[in-house]
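The values are calculated or read from the model by the stated rules, or taken from the named source; none is laboratory data. Since the structure is predicted, the reported quantities are computational estimates derived from the model, not experimental observations. Note that we place each Cβ from the backbone using ideal geometry, even for glycine, and neighbour counts take in every protein chain shown. These area figures cover heavy atoms from the full protein model, side chains too; ligands, DNA and RNA do not enter into them. Shrake-Rupley method; radii C 1.70, N 1.55, O 1.52, S 1.80 Å.
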Amino acid sequence: MLITQLDDSKSLLGDAYDLCQEGEYTLALEYYDLVLFKDPQNMMALIDKGVTLQNLGKYRQAIKCYDNVLEIDPRNKTTLVNKGSALHSIRKYHDAIDCYNMALEIDSKYAMAIVYKGLALGELGLLKQAIKCFNDALRIDKKYDLALNNKAMALQLLKANDKLKPKLQKP
């Protein structure tokens, strides 16, 4: 019985994933809900449901899914980054940074968490700290596009801000 239930859940999760790939997010949510009805602590279904809700712009609902995962596994670094990303989307940058920092406590070399932290710092106008994050991520993965592109953008913004600052004249 348990093996059949696991096979059913695996099949439903695969179907839900395929639906997401086709952009059928609402239908995919129904599949995730079926899995969660049978197994409310199915972490894969909770995570994927959260990502799907995020794709639909339902960030607060996504955060609830991620919180459910974190109750089961507080050290799930992927879920911490996903939650941070959802918080970032609703402009809760400090809370997002907290999530990224928790993920980095688990894995200090988690380049995605470092880059996302840099993005949140950039939103807060902390460009030098953001650039440091992008550099840190690039030390881990030299070809990380998100780090490369955002570092370049942050450097441009920093340069533009320096030009806007009035120059202090010496007496």
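Worth pointing out:
- Failed item in (1) surrounded by 23 or more Cβ atoms within 10 Å (Cβ to Cβ); (2) modelled with pLDDT under 95; (3) basic (Lys, Arg), with Lys38 passing the rest: (1)
- Taken residue by residue, region 97-108 has at least one member that is farther than 25 Å from Cys20 by Cα, buried (at least 19 other Cβ atoms within 10 Å of the Cβ) and hydroxyl-bearing (Ser, Thr, Tyr).
- Taken as a whole, the condition of being under 30 Å from Ala152 (Cα atoms) and either open to solvent by less than 50 Å² (accessible area, probe 1.4 Å) or not in a helix (DSSP H, G or I) (or both) applies to Gly57.
- Of all residues in region 60-82 being farther than 18 Å from Glu30 by Cα and among the hydroxyl-bearing types (Ser, Thr, Tyr), the one that is most open to solvent (accessible area, probe 1.4 Å): Thr78
- Test: residue in region 137-148 that is at pLDDT 95 or above and touching a Lys or Arg at 6+ places or on another chain (Cβ under 6 Å): yes
- Checked against the criterion of being in a loop (DSSP other than H, G, I, E, B) and open to solvent by 80 Å² or more (accessible area, probe 1.4 Å), the candidates Lys128, Lys142 yield just one match: Lys142.
- The set of residues in region 19-55 being of a type outside the set (Phe, Trp, Tyr), farther than 22 Å from Leu80 by Cβ and free of Cβ contacts under 8 Å to residues at least 24 places away in the same chain consists of Leu19, Gln21, Glu22, Gly23, Glu24, Leu27, Glu30, Asp33, Leu34.
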